[in-house]
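The values are calculated or read from the model by the stated rules, or taken from the named source; none is laboratory data. In this text the structure is predicted, and so the values were computed from the model without any measurement. Reconstructed Cβ throughout: ideal geometry from the backbone, glycine too, with neighbour counts over all protein chains shown. Heavy atoms of the whole protein, side chains included, go into the accessibility calculation; ligands, DNA and RNA do not. Shrake-Rupley method; radii C 1.70, N 1.55, O 1.52, S 1.80 Å.
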There are 2 protein chains.
Amino acid sequence: MREREIVDAALRVFAQRGYHAAVVDEIADLAGISKPMVYLYLGSKENLFVACVRRSSQALVRAFREAADSGDAPELRLWRGLSAFFAFVAEDRDSWVMLHRQAPEQSEAITAELAQARESVMREVADLVRRGIDEGGADDRLGEVDVDFVAQALVGAADSLTDWMEQHPREAPDRVALRLMNMIWIGMRDVLGGEMWSPPE
Amino acid sequence: MREREIVDAALRVFAQRGYHAAVVDEIADLAGISKPMVYLYLGSKENLFVACVRRSSQALVRAFREAADSGDAPELRLWRGLSAFFAFVAEDRDSWVMLHRQAPEQSEAITAELAQARESVMREVADLVRRGIDEGGADDRLGEVDVDFVAQALVGAADSLTDWMEQHPREAPDRVALRLMNMIWIGMRDVLGGEMWSPPE
DNA sequence: AAGTAGACTTACTCGGAAGTAAGATTAATA
DNA sequence: TATTAATCTTACTTCCGAGTAAGTCTACTT
């Protein structure tokens with residue numbers, strides 16, 4: 001299907017050059033057609049970009065969700081989800097760049113699409129964190145605010161670790177996820193257990 | 001000083017609109033002068049942008065470093081550094097947007113400047129993490145690779161938590177830093193102590 | 001008063017890229 | 001072989017914004 005081919009090409013060019021530096025002619029060339037065809041199928045550059053973001057975002061969320069979707073313990077599901085995330089980034093770097101390394105400066109539509117992509121991932125993670133806490137049998141010490149905090153930190157850490165992964169290509173995605181789990185989950189569990197760090201007076 | 005005023009104005013406009021959408025005329029207007037003056041003082045739009053990034057970056061690194069610079073225990077220094085970081089972001093949001101929310105798609109010079117800014121912060125953090133580990137008296141279980149990993153995750157988490165902070169304006173910067181310390185530091189300490197999470201076989 | 005230097009502005013040029021009008025090519029029918 | 005419809009391209013137009021040439025204003029010197 002033509003539209004798919006165009007989006008494929010656009011994804012590569014956008015990821016490499018960024019929205020502004022990307023030139024529609026180049027996308028058309030890469031797709032093996034001429035510029036007006038791009039406009040015929042996708043309408044505008046902005047719309048083309050949104051189509052790319054949407055596809056990449058759905059692919060990522062789907063990968064995470066499928067990996068994390070089982071009847072097992074939340075922490076195991078979270079680990080699987082994170083592994084899938086790192087695997088996705090390693091394999092389809094263009095999609096990741098698309099979602100991560102784009103200035104949210106752009107138009108309304110683009111900003112909204114990117115925000116929604118992040119929101120989707122965040123919801124998945126927050127959900128698992130919440131279940132993990134509930135299951136831990138803790139006395140509800142942590143509320144929704146704390147769940148959001150942990151989820152936000154976790155997602156941010158994962159984002160950033162994609163850079164680390166690039167510098168350590170020998171490390172398999174699920175090993176990276178394991179490292180992260182050890183950093184976050186144990187700390188969270190112990191905090192739930194009442195352990196705390198605080199600055200000395 | 002004229003140059004300073006121009007950079008002030010540019011920072012606001014760049015932060016609000018992003019590099020491409022920012023128009024030099026608007027910057028000039030905001031600075032209360034005309035466009036050619038901007039070019040007289042700063043040479044080019046790109047150079048102007050770099051000047052903004054550099055200033056913001058230096059301010060941030062300085063804030064972190066000064067806060068973290070004491071003879072105390074590494075974890076305390078880290079906490080202070082993180083507190084300063086969150087305070088900086090809360091107070092000078094434009095600078096933060098400048099450093100964080102810009103597409104690295106731009107020109108060589110801009111990309112380099114942004115990378116260097118991040119690199120500076122990362123070095124500071126990694127340094128404290130390393131000291132913290134050494135001091136923990138652990139049997140060198142963790143090498144340089146792990147230090148980098150922790151630093152990368154920590155910086156990423158902090159980056160991302162700036163969003164969380166925006167949604168919870170009542171939470172003071174040092175409280176946010178404390179939350180983060182509890183998530184990360186305790187986990188790290190326990191992992192050093194041999195505790196580990198691993199997926200069941 | 002006349003000259004001159006520095007600070008500043010108006011009013012352009014010029015290039016680059018999004019978007020499009022009009023025509024060409026191909027393939028399928030009759 | 002002529003017709004027509006779908007697909008695609010060439011060759012524009014148009015606009016926007018970075019960068020600049022040339023001139024103006026102010027203040028100070030002589």
(request) Take the Cα of B:Glu135, step 7 Å along the line toward its Cβ, and report every residue of the stretch B:32-75 whose backbone nitrogen sits under 17 Å from that point. (result) B:65-75
(message) Rg and Dmax in Å for the stretch B:122-201, alpha carbons only: what are they?
(response) 14.2, 44
(request) Round to the nearest 0.05 the FRET efficiency obtained for A:Glu66 and A:Arg175 when R0 = 22 Å and r is the Cβ-Cβ distance. (result) 0.65
(message) Going by average Cβ density within 10 Å per residue, which order do the peptides B:189-196, A:10-17 take, highest to lowest?
(response) A:10-17, B:189-196
(message) Run lengths n ≥ 4 of DSSP H only: what is the helix-derived mean residue ellipticity at 222 nm for the protein assembly as shown, with -39500 (n - 2.57) per run over all residues, to the nearest 500?
(response) -25500 deg cm²/dmol
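Using a 1.4 Å probe on protein heavy atoms only, how many Å² of accessible area do A and B hide from each other, summed over both chains and rounded to 100?
Counting protein atoms only, the buried area is about 4200 Å².
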(request) Using a 10 Å cut-off on Cβ to Cβ distances, tally the other chain neighbours for every residue of B:51-60 and report the average as a whole number. (result) 0
(request) For peptide A:170-183, compute the average count of partner chain beta-carbon atoms within 10 Å of each residue's beta-carbon. (result) 3
(request) Taking each label point as 7 Å beyond Cα in the direction of the beta carbon, state the distances from B:Leu30 to the same residue in the other copies, shortest first, in nm. (result) 3.2
(message) How large is log10 of I(q)/I(0) for the stretch A:55-120 at q = 0.15, 0.26, 0.30 Å⁻¹ when the intensity is taken from the Debye formula with one equal scatterer per alpha-carbon?
(response) -0.51, -1.08, -1.25
(message) Please give the Cα centre distance for the stretch B:4-28 versus the stretch A:106-185, rounded to the nearest Å.
(response) 33
(request) One decimal, nm, shortest first: give the distances between the label point of B:Glu5 and those of the same position in the other copies, each label point 7 Å from Cα along Cα→Cβ. (result) 5.8
(message) One quarter of the convex hull surface, Cα atoms only: what value does that give for the protein assembly as shown in nm²?
(response) 22.3
(message) Sort B:158-169, B:35-46 by packing, meaning the average of other beta carbons within 10 Å per residue, with the highest value first.
(response) B:158-169, B:35-46
(message) If R₀ is 41 angstrom, what is the calculated FRET efficiency for the pair B:Asp163 and B:Glu3, using the beta carbon separation as r and rounding to 0.05?
(response) 0.80
(request) Would you tell me the mean number of C-beta atoms belonging to other protein chains that fall within 10 Å of each C-beta in B:163-169, as a whole number? (result) 3
(request) Kindly identify the stretch A:1-43 as rounded, prolate or oblate by the Cα gyration tensor criterion: order the square roots of the eigenvalues as a ≥ b ≥ c, call it rounded if a/c is under 1.5, otherwise compare a/b with b/c, prolate if a/b is larger, else oblate. (result) prolate
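Shape verdict for the stretch B:10-138, please, from the Cα gyration tensor: rounded (a/c under 1.5), prolate (a/b greater than b/c) or oblate.
Details: a/c = 3.21, a/b = 2.48, b/c = 1.30.
Judged from the Cα gyration tensor, the stretch B:10-138 comes out prolate (a/c at least 1.5, a/b above b/c).
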(request) Show which lysines lie in cross-link reach of A:Lys35 when reach means a straight Cα distance below 24 angstrom and same-chain residues fewer than eight apart are skipped. (result) A:Lys45
